[in-house]
1. If the chain between Glu15 and Ser142 were fully stretched, how many nm would it gain, using 0.36 nm times the residue separation less the Cα-Cα distance?
2. All other residues with a Cβ under 14 Å from the Cβ of Val144 taken together, and with Lys, Arg as +1 and Asp, Glu as -1, what is their net charge?
3. Please report, in debye to the nearest 20, how large the charge dipole of the chain is about its Cα centre when each Lys and Arg carries +1 at its beta carbon and each Asp and Glu carries -1 there.
4. Rounded to two decimals, what ratio of Rg to Rh does the chain give with C-alpha atoms and a Kirkwood Rh?
5. Between Ala151 and Met124, with labels modelled 7 Å along Cα→Cβ, what's the label distance in nm to one decimal, could you check?
6. Consider a paramagnetic label point 7 Å from the Cα of Ser2 along Cα→Cβ; state which residues of region 122-138 have an amide N under 17 Å from it.
7. Rounded if a/c is under 1.5, else prolate if a/b beats b/c, else oblate: with a ≥ b ≥ c from the C-alpha gyration tensor eigenvalues square-rooted, which is region 51-95?
8. Quickly work out the Ser82-to-Leu57 label distance, labels modelled 7 Å from Cα along the C-beta direction, and quote it in nm with one decimal.
Amino acid sequence: ISPGGYALTCKHVVEDVPNLTAILNDQQEAQLNVISLSSKYDLALVQVMVPNKMPFLSIRDAESLAPGDRLFAVGASAGLQSTVTDGVFTGFRNIESVRGNFIQFSAPLNPGNSGGPLVDVNGMVVGVVSLKFLFQQGMPVSGVGFAIPSAQVKEEFSTYMEK
């Protein structure tokens, strides 16, 4: 979210994990420091410790999404770095079991997607991938993923974001 190496992920991804490292696009590893954990949302602000400025993604207001808008989930799906899956925006959902309002989308998610960005067709972040439904009433569910909307990201960490 900034050239100084500040980035977002999910709290459940980094909480209580010693010796965090980030693997950069050029396969180099860098120390990852947790700057702040959100007590309200499943969010964490981290800093990738690199000597030079880093490229970063801008954040878009998720409230402007319309059903059917194409979205991409970026992460380390099944341990494969920089995996991109695509789907569409379905709507906003209040999920009582985790107490929150989320972006619902149809991109396939696997272990390793949590904490990655959910981006629009212009590469702007609309949310942070957080969870998916696996089963409902004993039946497997696929293509139902959820992300923490950008408004909640801005609410928690706007002072660290590049304008």
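The values are calculated or read from the model by the stated rules, or taken from the named source; none is laboratory data. This one's a predicted model, so the numbers in the text were calculated from it and none came from an experiment. So basically every Cβ, Gly included, is an ideal-geometry build from the backbone, and we count neighbours across all protein chains shown. Surface accessibility is based on the protein's heavy atoms, side chains included, excluding ligands, DNA and RNA. Shrake-Rupley method; radii C 1.70, N 1.55, O 1.52, S 1.80 Å.
1. Full-extension gain reported as 43.0 nm.
2. Neighbourhood net charge equals +2.
3. So the dipole magnitude of the chain works out to roughly 120 debye.
4. Ratio value, two decimals: 0.95.
5. 1.6
6. No residue passes the distance filter.
7. Oblate shape, in that a/c is at least 1.5 and b/c is the bigger or equal ratio.
8. 1.4
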